[in-house]
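The values are calculated or read from the model by the stated rules, or taken from the named source; none is laboratory data. Please read these numbers as outputs of a predicted model, since none were measured by experiment. Neighbour counts run over all protein chains shown; Cβ positions are idealised from the backbone, glycine included. Accessible surface areas use protein heavy atoms only, side chains included; no ligands, DNA or RNA. Shrake-Rupley method; radii C 1.70, N 1.55, O 1.52, S 1.80 Å.
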Amino acid sequence: MAAAEETGGVRPCAPAQPRYVYDFTEGDRQQRDLLGGKGANLAEMTRLGLPVPPGFTITTEACRAYLDRGVVPADLPGQVSAALHRLEQRRGKRLGDPADPLLVSVRSGAKFSMPGMMETVLNVGLNDACVAGLAAQAGDERFAWDSYRRLIQMFGRTVCQVPAEEFDQALAAAKRAAGTDDDLGLTAQDLRGLVREYQKIFFAHTGRDFPQDPREQLDLAVQAVFDSWHAERAIVYRRQERIPADLGTAVNVVAMVFGNLGPDSGTGVAFTRDPATGSQGVYGDYLANAQGEDVVAGIRNTLPLQELARLDPRSYDELLAIMARLENHYRDLCDIEFTIERGTLWMLQTRVGKRTAAAAFVIASQLVDEGIIDLDEALHRVSGAQLAQLMFPCFDLSGAPEPIATGVGASPGAAVGTVVFDSARAVELAGQGEQVILVRRETNPDDLPGMIAAQGILTSRGGKTSHAAVVARGMGKTCLCGADTLDVDQTARRFTVGDHTVVEGDLVSIDGTSGCLYLGAVPVRPSEVVQYFEGTVDPATTDDPLVLAVHRILSHADTRRRLAVRTNADTGADAARARRFGAEGIGLCRTEHMFLGDRRELVERLILARDETTRSAALAELLPLQRADFVEIFREMDGLPVTVRLIDPPLHEFLPSLEDLAVSVAVAHARGQDAGRDEALLAAVRRMHEQNPMLGLRGVRLGLVIPGLFAMQVRAITEAAAQLAAAGRDPRPEIMVPLVGAVQELETVRAEADRIISEVLGEQSVEILIGTMIEVPRAALTAGQLAGAAQFFSFGTNDLTQMGWGFSRDDVEGAFFWRYLELGIFGISPFESIDRDGVGRLVRIAVEEGRAARPGLKIGVCGEHGGDPDSVHFFHAAGLDYVSCSPFRVPVARLEAGRATVEATGSDSR
C-alpha cells in the first residue's frame, strides 16, 4: 500500500522479461546476431515452406548471459518448457513418453559458421524405458538401440568429457566379436550389449549412471553447447578466422528425424555448386542408413550425391528443386544438410557455403552472368586474401612420378612436407620452421591446431563434405580426403599403400586439385593467375574460367577504387614486374639496398673517412653508380611517380659485425700479424656502436651528420631524371626524407636539395617533389608544421608501429606476441594489420592536420600494411591517396581498394 501511495496510486510496471527462446516459425535469416546462423537459416527455410523439422532456438543472448554469470538465466528454463510443450503438440509426441517418445537434437549455431568447433548431441530424450517404445513405433529394434548407443556416446563425450577413445574401442571390440568391419553389420542384440558397455564406461568416468530423465539430458546438453564456445578448438578457430570472442552461440533444439531407419533412409550434405572449383552441377555426399554426424565425421566413405537418384529418385528430384530454390533465394552457393526418413526428405540446415578461393571468383562471375548479382556484389564477395591464395605455385607435373594413391581433391593447392600423424607433432615441427603434411584417418575438431600448422591435410576417409574438407577450404589449406587405399596406422606413425610404406618424417606431395598423392617433393610452377599477371596468359584467348573471373572482377575493382596502388621496388626488374602486376608507380625505393654487394668497399671508405677529401672522393665514386640505378628504375616506371627514400639505416649495418671483426683482429694479433683494414673497421664499428641503433643515428639524422651523403643521392636522382627527360622520357621522381621528427630537420635537407635540383636541371622542365616519411609519432602529431615544408607525406607504418607501441619488432614477435595473441590482447599482430585505435589515430591526425595546412597534400603509405587487405580499407577511410606494397601484393591491394569503395558506398544489389 505504501508503495502505491508514494507513486500516486499507480503501481510501477514490472521490467520486461528477457526473451531467450524463439520458435523456427518466428525468425528469419536477418536475425543471425540473435539466432545464430543455423537458427536464422532454419527459420528462413521454415518461412519458405520447406520441409524443416519443427524446433526452437535458444538465443546468443542466453549464451552470453550464461557465460557471464556462470549459471543459466533464471527465465530460460520456463521459456524452454513452453517451447518444448509447443513442439510436443506439433509432433504429437512427448519427451520421455515410454510408448512413443519425442527425441530432439541439440546443436550449436553461432553467427559465423564454425564447422565442427562446437557441440552437437543427437537423440536426446532416449533412456532405458523409452528405447522399447521407440523400437515399437519404428518397427525396428536395431534402429532404437543404434540411436541409444549414439546418444550415450555423444552425450558422454560432449557433456561429461568421457574420452572418445573409450567408446571407439568398445565399438571396435563389438564389431570384432560380430565378425564385421562395418557398423551396419551389428545386430540389435549386438547394439543392446554395446549400450550396456557404453553405460559402464560412462559410470566409470563420471561416477554416476547415464541420466534417465530426458529433461535433465536436454538441459545438460544445452549447457554443454554454451560451454563449447570457450573450448580450446573454438578459441583457436575464432582466432584463425578473426571471429569476435564475445558473440556467443545460439542453441537449436530440433525434433529428430532419422536417417538410420534402414536402406530407405539416409543422410547427406549437398552443395548447389562445386565448393572446390565453382563448377555448376550436383555436388555432395550421401550415406544410407546413417545419421548426419556420420557424413561430416568421415568415419565411413560416402556415396556421391548422384547415387541418390538411383536409390530414391523422388527424394533426389525434390532435393534438387529445393537446392535451386535456396540458391536463387540466397543468391549464392548454398551448403545443405538433409535427412531422408523412410522416403521423406527433411532439410536440417542451409548456409552460404564455404568455398575455395578459386570457387569464390568463379561463382561470383557466374552469378553476374546469370543476372543474380551485379559486379559490385561480385567484388564484395571475393577478397584479397583469396586472390593471394590463387597466386601460390602449383605442381609442375611434366616430370612428376606416378601418384601412389588418389582420393578426393577437397581443397585445391600444392603442398609438400614431411608426414606427421598427430596435431601436436604438426604444431611442434611447424614451430621449428619445418613444412609438414598432417595425415589422419579422419580429422576431428581437436585436430584444428595441427591443421593450421600444416601445409596440407591428407585423410584416408571422408569426402568433400567431411570435417577435414570443410575446415581446410575455409582456411585455404590444401586437402586430399578419402584416399581409401591408405592404411593409416596412427599408433605406429606410418601408412601403407600398395608396396609403399611411408613413416613419420618421410617427404610427400599432395595435390588438392587432382586428389593425387606423390612420394617425395614434386617441383612447382607459377599458378595460372600469376601467369595472367605476368602477361603469358591472355584473357582474350584463354578459356580458363578462373583466369577470366579474376580478370573480370579485378578490372571492375580498378574502375571502382579511389586509392592508387604503387609498389615497393629497389631494382628495375622489380619495377617491371610490379608494373605488369598493375602498379601505378613506386611508393618506396630503398636506396640503402643499392649500397650492398660490390659497392660495400666504397661505403666502408665513406665510413672510415676522417677528412673531407677522402669522404668526397668516396661519394664521387658512388654518384655514377647511384645515377645508373635511378636511370634503370625511372625508365621502367616511365610516366609514373617513383618515391625514392634517401638512405635510412645506421651506417654500421653496412659493416661487418662487431663480433666478427673483434675475432678477426684478435686472431691476427695472436699470430703476430697485422690486422690491416679490419682494425680500422673495428675502431669505426666501436665508435658508431649504439645501444638502440633503430632510435639512433639513422635517416635524416645521418644525412645531417655526414656531409654530402644526402646531397650525392639528390644529385644522382636529379641527373638520372634529367638524362631521361632529355631523351624524351617522362621521369617523375619524388624524394622522401626518412625519420623526420621536427620541421627544422626537413627544412634543412630541403634547402640543400632545392639548390642541387635547380643547379642540375637548369632550364629543363622536370618536376621533382620533396616530402617526408611519417614514421615518428612526433611527426604525426606535428604534421601541420611538416606540411609547410613537405610536398607529400608517406606513412612508414612499420616504424610508426614500433615507436607507437614501444616495441622492437625483431625482439618482441618471438618473445611474447604469441602470449598476447593467446590472451586476446591482440586479435592479430599490429605489424600485420594496422592498429586502428592507436597507430591508426596517429595516421588520421597527420592526414587531417597536414591537409589543413596544405590543401591537396598527396599522402600515401609504404609500410607492409599497404598490402594488408584490412589495412587497405582503413587507409581508404582515412583519406590517403595511395598504398604501396611488394610487387606480388599489388593485385591484392588493387582488389581491396576497389572493395573498400564498394563497401563504403554500398551496392544496390545487396
Candidate set from region 482-503 (those that are under 29 Å from Thr356 (Cα atoms), open to solvent by 50 Å² or more (accessible area, probe 1.4 Å) and outside any strand (DSSP E or B)); member that is modelled with the highest pLDDT: Thr485
Looking only at region 858-899, and only at residues there that are basic (Lys, Arg) and more than 15 Å from Val382 (Cβ to Cβ), the one that is modelled with the highest pLDDT: Lys858
Region 364-408, subset farther than 23 Å from Leu333 by Cβ and of a type in the set (Asp, Glu), residue surrounded by the fewest Cβ atoms within 10 Å (Cβ to Cβ): Glu402
Test: Val839 is of a type in the set (A, V, I, L, M) and in contact (Cβ under 8 Å) with a residue 60 or more places away in the chain: no
For Ser315: the one exception among (1) among the polar types (S, T, N, Q); (2) open to solvent by 10 Å² or more (accessible area, probe 1.4 Å); (3) out of contact with any Ser or Thr (no Cβ under 7 Å at 6 or more places or on another chain): (2)
Close pairs from region 788-808: first in contact (Cβ under 8 Å) with a residue 40 or more places away in the chain and among the β-branched types (Val, Ile, Thr), partner open to solvent by less than 50 Å² (accessible area, probe 1.4 Å) and part of a helix (DSSP H, G or I), Cβ under 7 Å, at least 6 apart: Thr797/Val839; Thr797/His865; Thr801/Val839
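To keep it simple, each residue is scored yes or no on (1) more than 15 Å from Glu775 (Cβ to Cβ); (2) not in a helix (DSSP H, G or I).
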residue: Gln802; (1), (2): no, no
residue: Glu813; (1), (2): yes, no
residue: Trp818; (1), (2): yes, no
residue: Asp835; (1), (2): no, yes
residue: Gly840; (1), (2): no, no
residue: Glu849; (1), (2): yes, no
Criterion violated by Ile845 - all others in (1) in contact (Cβ under 8 Å) with a residue 40 or more places away in the chain; (2) in a loop (DSSP other than H, G, I, E, B) satisfied: (2)
Residue in region 283-294 that is open to solvent by 30 Å² or more (accessible area, probe 1.4 Å), without any contact (Cβ under 8 Å) to a residue 60 or more places away in the chain and charged (D, E, K, R) present: no
Unique match (being under 30 Å from Arg19 (Cα atoms) and either open to solvent by less than 10 Å² (accessible area, probe 1.4 Å) or not polar (S, T, N, Q) (or both)) among Pro263, Pro244, Pro304: Pro244
Criterion violated by Thr559 - all others in (1) exposed (fewer than 14 other Cβ atoms within 10 Å of the Cβ); (2) at pLDDT below 95 satisfied: (2)
Residue satisfying all of: in region 60-117; open to solvent by 20 Å² or more (accessible area, probe 1.4 Å), touching a strand residue (DSSP E or B) at 6+ places or on another chain (Cβ under 7 Å) and within 19 Å of Leu42 (Cα to Cα); modelled with the lowest pLDDT among these: Ser113
Residue list for region 695-731, restricted to those being in contact with a Ser or Thr (Cβ under 7 Å, 6 or more places away or on another chain) and open to solvent by 60 Å² or more (accessible area, probe 1.4 Å): Leu704
Wholly enclosed helices (runs of 4 or more DSSP H) of region 52-167 bearing at least 2 residues farther than 27 Å from Gly185 by Cβ, hydroxyl-bearing (Ser, Thr, Tyr) and touching a helix residue (DSSP H, G or I) at 6+ places or on another chain (Cβ under 9 Å): 60-69
Residue among Ile322, Ile336 that is open to solvent by less than 30 Å² (accessible area, probe 1.4 Å) and either more than 28 Å from the chain's Cα centre (by Cα) or at positive phi (or both): Ile322
Tyr237 being part of a helix (DSSP H, G or I), at pLDDT below 95 and not β-branched (Val, Ile, Thr): yes
Boolean, Thr356 is under 29 Å from the mean Cα position of the chain (by Cα) and either at negative phi or aliphatic (A, V, I, L, M) (or both): yes
Condition check for Gly762: buried (at least 22 other Cβ atoms within 10 Å of the Cβ) and either under 20 Å from Phe795 (Cα atoms) or out of contact with any Lys or Arg (no Cβ under 8 Å at 6 or more places or on another chain) (or both): no
Test: residue in region 320-335 that is closer than 23 Å to Val225 by Cα, in contact with a strand residue (DSSP E or B) (Cβ under 9 Å, 6 or more places away or on another chain) and of a type outside the set (Lys, Arg): yes
Tally, over region 506-552, of residues that are among the polar types (S, T, N, Q) and open to solvent by less than 70 Å² (accessible area, probe 1.4 Å): 5
Per-region count, region 180-210, residues assigned to a loop (DSSP other than H, G, I, E, B) and touching a residue at least 40 places away in the same chain (Cβ under 8 Å): 4
Residue in region 317-329 that is free of Cβ contacts under 8 Å to residues at least 24 places away in the same chain and either basic (Lys, Arg) or not in a strand (DSSP E or B) (or both) present: yes
Residue list for region 316-370, restricted to those being under 21 Å from Ala385 (Cα atoms) and β-branched (Val, Ile, Thr): Val352, Thr356, Val362, Ile363
Qualifying positions in region 789-813 - surrounded by fewer than 17 Cβ atoms within 10 Å (Cβ to Cβ) and closer than 25 Å to Gly585 by Cα: Asn798
Every residue from region 409-430 that is at pLDDT below 90 and open to solvent by 20 Å² or more (accessible area, probe 1.4 Å): Pro412, Gly413, Ala414
Condition check for Arg610: surrounded by fewer than 19 Cβ atoms within 10 Å (Cβ to Cβ) and either touching a residue at least 12 places away in the same chain (Cβ under 8 Å) or in a helix (DSSP H, G or I) (or both): no
Residue that is most open to solvent (accessible area, probe 1.4 Å), among those in region 851-875 that are more than 25 Å from Asp811 (Cα to Cα) and part of a loop (DSSP other than H, G, I, E, B): Pro855
Only one of Arg750, Arg778 that is outside any strand (DSSP E or B), of a type in the set (D, E, K, R) and crowded, with 17+ Cβ neighbours inside 10 Å: Arg750
Test: residue in region 549-557 that is more than 30 Å from Ile859 (Cα to Cα) and either among the aliphatic types (A, V, I, L, M) or in contact with a strand residue (DSSP E or B) (Cβ under 9 Å, 6 or more places away or on another chain) (or both): yes
